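Reading through the structure tokens given below for one structure.
The values are calculated or read from the model by the stated rules, or taken from the named source; none is laboratory data. No experiment lies behind these values; they were computed from the predicted model shown. Note that we place each Cβ from the backbone using ideal geometry, even for glycine, and neighbour counts take in every protein chain shown. Remember, those area values only see protein heavy atoms, side chains included, never the ligands or the DNA or RNA. Shrake-Rupley method; radii C 1.70, N 1.55, O 1.52, S 1.80 Å.
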Amino acid sequence: MSHTIYETETTGLLIVDPYNDFISQGGVLYGYCEATIKRLNTVENMKRVLAACRKAGIRVFIAPHHRWREGDFLRWKHQPPAQAGASSLKAFAEGTWGGSFHPDFEPRPGDAVAQQHWLSSGFQNTDLDLLLRQSGVEKVIIIGLRANTCIDSTMRYAAELGYHVTLVTDAIAAFNSQEVATTVELNAPAYASAILSTEAVIAALEGTPK
């Protein structure tokens, strides 16, 4: 059980890449993630964390990956393998169902959607840090995909910027269990101040001061 107190005014829920292509059956990356999504019950846990945060009055922030468009990388000198792979599959293509947010994670009035990140960190070359700080956020609860890329990078960057980070271990997913384990067991202990299950986060949120 976490002893962290998630104050309404200083805590934000950060949902990373809640695209249909990742977490909806039929998405171009769903097949790669399906095994871990089903094992961890990722989507349902993401929904439960989101509902608990909304109930507690905690503001929601979405950190979306860049939506693929024809010709995006034609003049790039260097394209990392993860980015090249997603590009070859046309993942999160702009204007498509796959490049739309899963319906349960569509932003509501008062939610904030950051600028799209090109590779992994939700902070790099976006306005996410500005949006969080302007809202007075000091603690971030992180859920979403993909564990060893965007979740890991965003978690690390948040810690570098001075945020208190909570990683929800069963509200994330990846291409295989080893990728999840690497993030949760090896990397998160160095950067996340709290590493909690959905149940533990919800229990902590129920005690959130209003």
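Selection of first residues in the stretch 56-73 that are touching a residue at least 60 places away in the same chain (Cβ under 8 Å) and of second residues that are open to solvent by 40 Å² or more (accessible area, probe 1.4 Å), restricted to Cβ pairs under 7 Å at least 6 apart or on distinct chains, gives the following pairs, ordered by first then second residue: GLY57/LYS210; ARG59/GLY110; PHE61/LEU131; HIS65/GLN116.
Annotation: ALA93 fulfils all but one of (1) assigned to a loop (DSSP other than H, G, I, E, B); (2) over 28 Å from LYS38 (Cα atoms); the unmet one is (2).
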